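Comments concern the structure below.
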Amino acid sequence: MLGFDPFMVVKTLVMEDEKARPLLVLMHGNRKVSTKNLARQIGAKSVEPCKPEVANRHSGYLVGGTSPFGTRKQMPVYIEQTIPELPRILLNGGRRGYLVGIEPKVCVDLLEAKAVNCALVE
């Protein structure tokens, strides 16, 4: 991942619940999302990743270059609970390979990201 610690690189995942309502999940680069745990924590029956073309429509970004900021549709944002504890994170700036370093508090404050515990170690 461009020579950065994958734990500090935060990926933006576009997912949807059983009613096809989109949501964003911010997850460590070296972790997967337990969709079962996520669904339980957000009060959904199920959650699954969007197909790439659907994710592109919701976010306005190409998959692999999705930023949680400036998305086409406003979506709820969930952040893995250990991310806000980090001093700095790198996340996508809107295109593949373009990472921006910010304090995780920015995601919590500006995106109103809600903390969840849904990480699986890859």
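Since every read-out is calculated from the coordinates, none of them should be taken as a lab result. Please read all numbers here as calculations on a predicted model, not as lab measurements. Note: ideal-geometry Cβ built from the backbone for every residue, glycine included; neighbour counts use all protein chains shown.
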- Ordered by residue, what ³J(HN,Hα) values in Hz, to whole numbers, does segment 105-119 give under the Karplus form 6.51 cos²θ - 1.76 cosθ + 1.60, where θ = phi - 60° and Gly and Pro are x? 4, 4, 5, 5, 6, 6, 9, 6, 5, 9, 6, 9, 10, 9, 7
- Message: I want the local charge near VAL116. Using Cβ-Cβ distances under 13 Å, sum +1 for each Lys or Arg and -1 for each Asp or Glu among the other residues.
- Response: +3
- In order over segment 23-40: 3J(HN,Hα) from phi, Karplus 6.51/-1.76/1.60, θ = phi - 60°, whole Hz, x for each Gly or Pro, gives 8, 10, 10, 9, 9, 3, x, 9, 10, 9, 9, 7, 5, 5, 5, 4, 4, 4
- Task: Determine the dipole magnitude for the chain: charges of +1 sit on the beta-carbon of Lys and Arg, -1 on that of Asp and Glu, nothing else is charged, the reference point is the Cα centre, and the result goes in debye to the nearest 20.
- Result: 320
- Could you tally the net charge around ASP17, taking each other residue with its Cβ under 13 Å from the Cβ of ASP17, Lys/Arg +1 and Asp/Glu -1? +2
- Counting each DSSP H run of 4 or more residues in the chain as -39500 (n - 2.57), what helix-only mean residue ellipticity at 222 nm follows after dividing by all residues, to the nearest 500 deg cm²/dmol? -5500 deg cm²/dmol
